[in-house]
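Before any comments, here is the structure.
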Amino acid sequence: MASSPPSRTPPAPFIVTGELPVDVFSWANGLRTQHFPPDRNKLAAHVTLFHSLAPSLREELPRLLARLAGEFAPPAAEMSGLMDLGQGTALAIRSPAMLAIRDRIAEPLWDMLTRQDQGAKRLHITIQNKVARSDAVALQDHLAPTLRRHSFAFTGLGLHIYRGTHWEPVGIWKFRGKHSA
């Protein structure tokens, strides 16, 4: 029996996301579709918790995410306003519970985290990026009067492999525990 040739795809880093409920995702993704430059909009709306985790964590990460999702109840969150990204706009999210879960993910991996992933995290959903500053300010001025605080709960943790302009899904672990973070 012939064996399969080895994969030629180089190892790629992992991205961890906080999964959004359908209504919040749909609304945010609609804004992203409307305002993100179409030639660069290759992803759906998302909340990134970690940008670049080592490919060597392929076995450990799914186990860690599954354990935490099984331990914790869906973390409460609030859409708290707009975030100015300089050349873009994001929906700001306040969620001490999700940040606490993020810390639990980071703790055993600390020595392997990039500087960006070690830094303080401001949760958000990018709806516009890499535009002229004037376009970002115009969108913020347009959206600010209509944006209302909205409470929701994250539904799970997502794991993806970074493949340049797209992310290859690995899995989603739904929060189903009883403990609050």
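Scan the stretch 148-163 residue by residue and report those that are surrounded by fewer than 16 Cβ atoms within 10 Å (Cβ to Cβ) and either within 23 Å of SER26 (Cβ to Cβ) or over 22 Å from the mean Cα position of the chain (by Cα) (or both). Don't jump to the end; show me each part of the working.
The initial filter retains those residues of the stretch 148-163 that are surrounded by fewer than 16 Cβ atoms within 10 Å (Cβ to Cβ), namely 148-151, 163.
Answer for the stretch 148-163, where residues must be surrounded by fewer than 16 Cβ atoms within 10 Å (Cβ to Cβ) and either within 23 Å of SER26 (Cβ to Cβ) or over 22 Å from the mean Cα position of the chain (by Cα) (or both): ARG148, ARG149, HIS150, SER151.
Is there a residue being under 25 Å from SER134 (Cα atoms), polar (S, T, N, Q) and either touching a Gly at 6+ places or on another chain (Cβ under 9 Å) or part of a loop (DSSP other than H, G, I, E, B) (or both) anywhere in the stretch 44-59?
No - not one qualifying residue is present in the stretch 44-59.
Please enumerate the residues belonging to the stretch 72-114 that are in contact with a Gly (Cβ under 6 Å, 6 or more places away or on another chain) and either surrounded by fewer than 14 Cβ atoms within 10 Å (Cβ to Cβ) or of a type in the set (A, V, I, L, M) (or both).
Start the filter on the stretch 72-114 by keeping residues that are in contact with a Gly (Cβ under 6 Å, 6 or more places away or on another chain), which leaves 72-73, 92, 98.
The answer is ALA73, ALA92, MET98.
Could you check how many residues of the stretch 120-147 are assigned to a helix (DSSP H, G or I), under 23 Å from the mean Cα position of the chain (by Cα) and among the polar types (S, T, N, Q)? Steps first, answer last, please.
Step one: list which residues in the stretch 120-147 are assigned to a helix (DSSP H, G or I), which gives 133-143.
Checking the rest, the ones that are also under 23 Å from the mean Cα position of the chain (by Cα) come to 136, 139-140, 143.
Filter once more, keeping what is among the polar types (S, T, N, Q): 140.
Number satisfying all stated conditions: 1.
Find the residue count for the stretch 21-42, including only residues that are of a type outside the set (D, E, K, R), crowded, with 16+ Cβ neighbours inside 10 Å and touching a strand residue (DSSP E or B) at 6+ places or on another chain (Cβ under 7 Å).
5
Within the bounds of the stretch 73-83, is there any residue that is part of a helix (DSSP H, G or I), of a type outside the set (Phe, Trp, Tyr) and either more than 25 Å from ALA120 (Cβ to Cβ) or modelled with pLDDT of 95 or more (or both)? Outline the logic, then answer.
Our first condition is that a residue be part of a helix (DSSP H, G or I); within the stretch 73-83, this holds for none.
No.
Which residues, taken from the stretch 164-175, are among the basic types (Lys, Arg) and either over 19 Å from the mean Cα position of the chain (by Cα) or exposed (fewer than 11 other Cβ atoms within 10 Å of the Cβ) (or both)?
Going residue by residue through the stretch 164-175, those that are among the basic types (Lys, Arg) are 174.
Those that are among the basic types (Lys, Arg) and either over 19 Å from the mean Cα position of the chain (by Cα) or exposed (fewer than 11 other Cβ atoms within 10 Å of the Cβ) (or both): none in the stretch 164-175.
The values are calculated or read from the model by the stated rules, or taken from the named source; none is laboratory data. Source: prediction; values computed, not measured. Neighbour counts are summed over all protein chains in view; Cβ atoms, including those assigned to glycine, are modelled from backbone coordinates with ideal geometry.
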